[in-house]
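Asker: Here it is, the structure, as structure tokens.
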Amino acid sequence: MLVFPNCKINLGLNITKKRPDGFHDIETVFYPINWCDALEVIENKEGTEPFLLSESGLKINGKKEDNLIFKAWLLFNKIKAIPPIKVHLHKNLPMGAGLGGGSSDAAFFINLIDQKFEFNLTNSQKITIASKLGSDCSFFINNQPVLAKGKGDQFSPIKINLSNYYILVVNPNINCNTKEAYNSITPKLPQIELVNIIENVAISEWKTVLFNDFEETMFIKYPEIKVLKDSLYNLGALYACMSGSGSSVFGIFETEPELKFNTSYKYYLQTPASKTL
């Protein structure tokens with residue numbers, strides 16, 4: 001069985017409070033984008049190994065035990081016994097990019113295993129597994145736009161539809177460390193609630209009211225990301241912003257933009273004709 005785990009962008013990101021547990025409360029909108037990895041799972045009927053993982057595409061550093069798919073397999077097995085499987089991940093989404101690619105891979109794995117072996121877990125059970133893997137992982141279980149609060153794992157519906165726009169996502173090959181990004185932030189409450197901006201303010205006006213709190217410090221550390229954001233505005237973006245803690249930047253356009261930036265960058269252009277998720 002083959003699936004295509006997609007990524008997300010953040011529409012606004014406010015760091016509102018440092019929590020007693022060391023994490024931060026945030027306020028953001030997760031919006032799914034069609035830029036994808038590929039994930040295949042087949043039953044390993046001839047083998048004795050319960051879990052075999054192979055990879056292709058972009059190189060993934062670290063041990064198998066650190067991979068979120070492996071961790072998802074361990075957690076799932078505590079609820080239902082999974083038969084021996086072979087898993088292959090083709091990595092296309094850049095890592096350390098603020099796009100949630102690793103979280104998406106794990107969430108899609110959970111959905112795939114549940115469907116393939118007809119375990120019939122409830123949506124709540126799958127979200128519980130995913131939430132133990134990362135703050136944004138459970139978002140990809142349902143894969144619909146949400147307003148996210150708390151650690152980024154408390155979701156509520158939000159009215160946002162960008163299907164009539166071009167969305168250009170560009171990654172400048174900079175791997176950003178999320179923990180370091182949070183350590184450089186001074187939390188503060190936003191002047192305007194994010195939901196009011198998204199639902200009531202025209203996209204053409206987002207530039208003056210919709211912000212990502214990580215940008216200020218990340219632009220100082222990585223000026224190239226700021227240059228990239230400016231270049232998207234120069235191409236005619238209605239709105240441009242860094243996604244998550246970086247390093248990817250996206251622009252929202254009314255018409256198809258020219259792809260004029262460093263040719264070493266990874267990028268994806270979602271068009272109004274793109275298949276909806």
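The values are calculated or read from the model by the stated rules, or taken from the named source; none is laboratory data. Quick caveat: nothing in here was measured; it's all calculated off a predicted structure. Because the Cβ atoms are built from the backbone with ideal geometry, glycine has one as well, and the counts that use them run over all protein chains shown.
Asker: Output the number of residues of the stretch 1-43 satisfying the condition of being surrounded by 16 or more Cβ atoms within 10 Å (Cβ to Cβ), within 23 Å of His88 (Cα to Cα) and among the aliphatic types (A, V, I, L, M).
Answerer: The qualifying residues number 5.
Asker: Suppose we keep only residues that are surrounded by fewer than 13 Cβ atoms within 10 Å (Cβ to Cβ) and without any contact (Cβ under 8 Å) to a residue 24 or more places away in the chain within the stretch 187-204. Which one would you say is nearest to Lys149 (Cα to Cα)?
Answerer: Asn196
Asker: I would also like to ask the following. Please verify whether Leu13 is more than 27 Å from Ile198 (Cβ to Cβ), within 15 Å of the chain's Cα centre (by Cα) and in contact (Cβ under 8 Å) with a residue 40 or more places away in the chain, treating the condition exactly as stated.
Answerer: The answer is no for Leu13.
Asker: Inspect the stretch 136-152 for any residue being at pLDDT 95 or above and at positive phi and give the result as yes or no.
Answerer: Among the residues of the stretch 136-152, at least one is at pLDDT 95 or above and at positive phi, which makes the answer yes.
Asker: With the checklist (1) within 30 Å of Ile185 (Cα to Cα); (2) of a type in the set (S, T, N, Q); (3) modelled with pLDDT of 95 or more in hand, flag the one item Gln115 doesn't pass.
Answerer: (1)
Asker: Could you check, for the stretch 188-195, whether at least one of its residues is of a type outside the set (Val, Ile, Thr), at pLDDT 95 or above, under 19 Å from Thr28 (Cα atoms) and assigned to a helix (DSSP H, G or I)?
Answerer: Yes: one or more hits.
Asker: Would you please list the contacts, defined by Cβ atoms under 8 Å and residues six or more apart or on different chains, that run from a residue in the stretch 127-143 that is of a type in the set (D, E, K, R) to a residue that is part of a loop (DSSP other than H, G, I, E, B)?
Answerer: Going by the 8 Å Cβ cut-off, the qualifying pairs are Asp136/Gly100; Asp136/Gly152; Asp136/Asp153.
Asker: Taking the condition on the phi < 0 side of the Ramachandran plot, surrounded by 14 or more Cβ atoms within 10 Å (Cβ to Cβ), in a loop (DSSP other than H, G, I, E, B) and modelled with pLDDT of 95 or more, does Leu168 pass?
Answerer: Judged against the criteria, Leu168 is not a match.
For (1) in a strand (DSSP E or B); (2) among the polar types (S, T, N, Q); (3) assigned by TED's automatic domain parsing to the domain that holds Leu210; (4) buried (at least 19 other Cβ atoms within 10 Å of the Cβ), each residue gets a yes or a no:
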{"site": "Lys229", "(1), (2), (3), (4)": "no, no, yes, yes"}
{"site": "Ala240", "(1), (2), (3), (4)": "yes, no, yes, yes"}
{"site": "Ile252", "(1), (2), (3), (4)": "yes, no, yes, yes"}
{"site": "Lys260", "(1), (2), (3), (4)": "no, no, yes, no"}
{"site": "Ser264", "(1), (2), (3), (4)": "no, yes, yes, no"}
